[in-house]
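Here the structure comes first, spelled out in structure tokens, and everything after it is commentary.
Derivation of every value follows stated rules applied to the coordinates shown; laboratory data play no part. Model, not experiment: these values are computed from the prediction. Cβ coordinates were reconstructed from backbone atoms using ideal geometry, including for glycine residues, and neighbour counts include every protein chain displayed.
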There are 2 protein chains.
Amino acid sequence: MRKYKGHTKLVVKPGSTEEVSKVLKYCNDNMLAAVPQGGNSGLVGGSVPVFDEIVINMSRMNKIRDFDEVSGTLVVDAGCILEVADHFLAEKNYIFPLDLGAKGSCQIGGNVATNAGGLRLLRYGSLHGNVLGIEAVLPDGTVMDDLSRLRKNNTGYDIKQLFIGGEGTIGIITGVSIQCPQRSKAGNVAFFGLENFEKVQQAFRAAKGQLSEILSAFELMDGQSQDLVHRVTDKKRPLEGQHPFYCLIETSGSNPDHDSEKLESFLENVMGEEIVSDGVLAQDETQIQSLWSWREGIPECLGHWGGVYKYDLSIPLPELYKLVDDTRERLTSAGLIGDDEKHPVVGVVGYGHMGDSNLHLNVATRRFDKEVENKLEPFVYEWIAKRNGSISAEHGLGLAKKAFIEYSRSKTMIRLMKQIKELYDPNGIMNPYKYI
Amino acid sequence: MRKYKGHTKLVVKPGSTEEVSKVLKYCNDNMLAAVPQGGNSGLVGGSVPVFDEIVINMSRMNKIRDFDEVSGTLVVDAGCILEVADHFLAEKNYIFPLDLGAKGSCQIGGNVATNAGGLRLLRYGSLHGNVLGIEAVLPDGTVMDDLSRLRKNNTGYDIKQLFIGGEGTIGIITGVSIQCPQRSKAGNVAFFGLENFEKVQQAFRAAKGQLSEILSAFELMDGQSQDLVHRVTDKKRPLEGQHPFYCLIETSGSNPDHDSEKLESFLENVMGEEIVSDGVLAQDETQIQSLWSWREGIPECLGHWGGVYKYDLSIPLPELYKLVDDTRERLTSAGLIGDDEKHPVVGVVGYGHMGDSNLHLNVATRRFDKEVENKLEPFVYEWIAKRNGSISAEHGLGLAKKAFIEYSRSKTMIRLMKQIKELYDPNGIMNPYKYI
């Protein structure tokens, strides 16, 4: 995002949990600040040494420790890259229950530390449910071995949950055990154009009702996001003509014939009822990848002009897209959007995980501009607070949203969180001045 | 279980979160112990005032607060009975993501406080993943309003998770918001007899592979559990002849024809490969209920002779049933099992949630007998510790297992848990001398 710049004199690359423990104990004893770093794919500055923190880079701890083919329980080092784990699982007919655009570089420890949501939360649920155990090192060097492989274990407070989404502020995750579902034999992807957001909601309700247990993703992209992807990549669009909204629907199931039948009857329904204006169904794996690229390629394409203001928000579904309209109107009336170099903003787009009520509001800019930022913040956060939404759905707080947490959390909750931070990290050495 | 007896001079029945707050603040200011009580269906003495605690009974807080038909998010008072919520959801074509035998009396607040697992965890996952928000009152009367309705919300430590499975030791849950899945249009139940536990495991692997996304329960019952149910109820058995093991398989899906086809091909496979010895498929809702009664009726039937020693355990699948054999052998060789009054033990049975590696080891007795107890404990816990299992899979610790937690948790974990208890309840008024 070109927003945060790191300053550090020291990067350590521990090769074992014991080494992490020694490093942290030394930091704690000598009051040295440390920042854990995974694949460095975060968007909120959480893993950047913004002051002079020692970077604890986890990339050497990248082994798959164990996999049980009957139960589907995978145990990995925190530094294992998500895609590496998923390829390993593919060979065993299992799938990692999390998938996101950065899979080729992000690490599982980082995914868990930031409670990454991604593309298939709709189907496989959140990491709070899927992670069975965590091994972590506390700031004083204590190794917390809670690497359970059991699906059910009700013996005391579920402390590992504090590390899921804890963003490396109370310890460093060194190992993770996770429940992996079986890989589906059949996968289909459909891509639709729709007239308005009301129809997108209708299509979502129809997909939930008719595709039900085989629905594995329901992604939303607005027309402007697709225009910008098209401008950057110059690829042939999946559909003739242009539409105000697009959806990508993915199904995964165990029986290809059954899945096709369900999908066809869904298509008949949404075409017949004129819920969707146009649609295409991928015929092979290449087409599946090509359709996904119109969704997954958005973040990279938006960066083409310079910087991007990114907001990752949870909003009640009926109002999900209204924020994009309101923001666009706000920047337009301030005269900040335009096609030439004089205007800082290239476009305001919305896309995201419709199935989880999770919108990514992105403002593509030619340069970072204080006037644009002042128009966006706290406007966006106030808009969210009014609707009881979340200012960080899946990206976390990091440094970017530390100052804005009160828009999503009450004073009481913030006080309780600070207690936790003080309990685990009384010297405040872990990722200081970020998070809460 | 006739194991714990309550002693209290005062039961309070608050009608609102504010009243719970006032009661707890008074208790805390005056150093009075309190025990929260839901439907009183727990098995570990967690909600029994074993000393002279003030009982805080939640039954008056029994309203459904809100339901969103698009997202499936349900918000309820903690005292709402599970079955009441599920019936409410059924009318909207949704289902509560938790089901268990005690559904007619247990309360959702109690379910969440004990992190209940139940029959469909295999399909819908754990409460740590499904609960979206919690409203709770802390021991000092602080109302923790974390009743988020958002599927994704990464803004700080997920503190509500400590209350899921916290067994009322750090506060009282007063409200819950939970993600509910759509109710399936089709439901099928099959019941099998099998020769040995190796074949049960084969059947489970086949069910996971072939029924995949429509598999919603895979329950195990041993031959002796079914013999005892038969002796008590005198009902006609589902299958001709008797078998060492039985399984109940449930499917839930959106298309009755597709589900039947999947189930038929699964049946052909397990019959053809002689994985199962005999089987029956329910033909209507009455038969579905009747087959389920052979599983759900076990706990009640076992109580017929007097008391039952109950162990709720997580064990790696290959050794899951070995514990039942080992325990039976141990009690037999001690001369404690027999058909007449002279012998304290009627039988040793095993059943449970195969899909979650969760075994219920039950010892049906004519009377509580110290000699039996001494043979069982710590034997069972040592057996579990050796296999890295859990001494409490889904029932919790309560008073029953407080002394045995070190068989499932390390000293470090217990220390971290005690820190949490001290942080939230420095006066130790909440459910004292239980849990950790």
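Can you tell me the orientation of helix A:256-272 relative to chain A, as the angle in degrees between its alpha-carbon axis and the longest Cα principal axis, to the nearest 10? The helix A:256-272 is inclined about 50 degrees to chain A. For the stretch A:64-179, what does the relative contact order come out to in percent, with C-alpha contacts under 8 Å and a separation of six or more? After rounding, I find 31 percent. Past 27 Å, Cα to Cα, is the threshold; run B:LYS13/B:LYS421; A:LYS418/B:LYS401; B:LYS9/B:LYS434; A:LYS22/A:LYS103 against it and keep the listed order. A:LYS418/B:LYS401; A:LYS22/A:LYS103, as the Cα separations exceed 27 Å there. Summary for A:GLY428: label point 7 Å along Cα→Cβ; distances to the equivalent points in the other copies, ascending, 3.3 nm.
For the stretch B:65-76, the Karplus equation 6.51 cos²θ - 1.76 cosθ + 1.60, evaluated at θ = phi - 60°, returns couplings of 7, 5, 9, 9, 6, 7, 8, x, 8, 10, 10, 9 Hz by residue, with Gly and Pro reported as x. In terms of modelled amide H atoms, which long-range or inter-chain residues lie less than 5 Å from the amide H of A:ILE134? Excluding prolines and chain starts, which carry no amide H, the hits are A:ASP146, A:LEU147, A:SER148, A:SER177.
Taking every alpha-carbon pair under 8 Å whose residues sit at least 6 apart, the stretch A:303-395 reaches a relative contact order of 42 percent. For a straight C-alpha distance cut-off of 18 angstrom, the aspartates and glutamates reachable from B:LYS375 (same-chain residues fewer than eight places away being disregarded) are B:ASP312, B:ASP325, B:ASP326, B:GLU329.
Loop-located trypsin sites (Lys or Arg not before Pro) in the stretch A:1-53 (DSSP state not H, G, I, E or B) with no more than 11 neighbouring Cβ atoms inside 10 Å: A:ARG2, A:LYS5, A:LYS9.
Legend: calculated FRET efficiency, A:GLU377 to B:GLU285, from the Cβ-Cβ distance at R0 = 41 Å, rounded to 0.05, equals 0.15. Label-to-label distance for A:GLU264 and B:LEU32 is 7.0 nm, based on points extended 7 Å past Cα in the beta-carbon direction.
Between amide H atoms placed 1.01 Å from N, distances below 5 Å from A:GLY338 occur with A:VAL345, all of them 5 or more places distant or on a separate chain. For the stretch B:367-429, state which trypsin sites (Lys or Arg not before Pro) are in a DSSP loop and have at most 14 other beta carbons lying within 10 Å of their beta carbon. Those satisfying the criteria are B:ARG367. Under 8 Å for C-alpha pairs, at least 6 residues apart: give me the relative contact order for chain A, rounded to a whole percent. Contact order relative to length: 17 percent. Each copy carries B:HIS343; placing its label point 7 Å along the C-beta direction from Cα gives inter-copy distances of 8.7 nm, listed from smallest up. Residue by residue, the stretch B:416-430 carries 3J(HN,Hα) couplings of 5, 5, 5, 4, 5, 4, 5, 5, 8, 9, x, 8, x, 8, 8 Hz when phi is fed to the Karplus relation 6.51 cos²θ - 1.76 cosθ + 1.60 (θ = phi - 60°); x denotes Gly or Pro. When the Cα centres of the stretch B:420-436 and the stretch A:1-37 are compared, how far apart do they sit, in Å? Answer, in whole Å: 35.
Taking amide H atoms as placed 1.01 Å from N in the peptide plane, the amide H of A:SER392 lies under 5 Å from those of A:SER314, B:ASN154, each 5 or more residues away in sequence or on another chain. Using only Cα atoms, tell me the angle between helix A:322-333 and the longest principal axis of chain A; keep it within 0 to 90° and round to the nearest 10. It works out to around 80 degrees. The rotation axis that maps chain A onto chain B passes nearest to the beta carbon of this chain A residue, listed with its distance in whole angstrom: A:GLY129, 1. In nanometres and ascending order, the distances from the A:ARG237 label point to those of the other copies are 6.8 (point 7 Å from Cα along Cα→Cβ). Cross-link reach is defined here as a Cα-Cα straight distance under 18 Å, omitting same-chain residues fewer than 8 places apart; for B:LYS199 the lysines meeting it are B:LYS208, B:LYS322. The 3J(HN,Hα) values that the Karplus relation (6.51, -1.76, 1.60; θ = phi - 60°) gives for the stretch B:146-156 are, in residue order, 10, 8, 5, 10, 8, 5, 10, 7, 9, 10, x Hz. Gly and Pro appear as x.
Helices in the protein assembly as shown, meaning DSSP H runs of at least 4 residues, each add -39500 (n - 2.57). Divided by all residues, the mean residue ellipticity at 222 nm is -9500 deg cm²/dmol.
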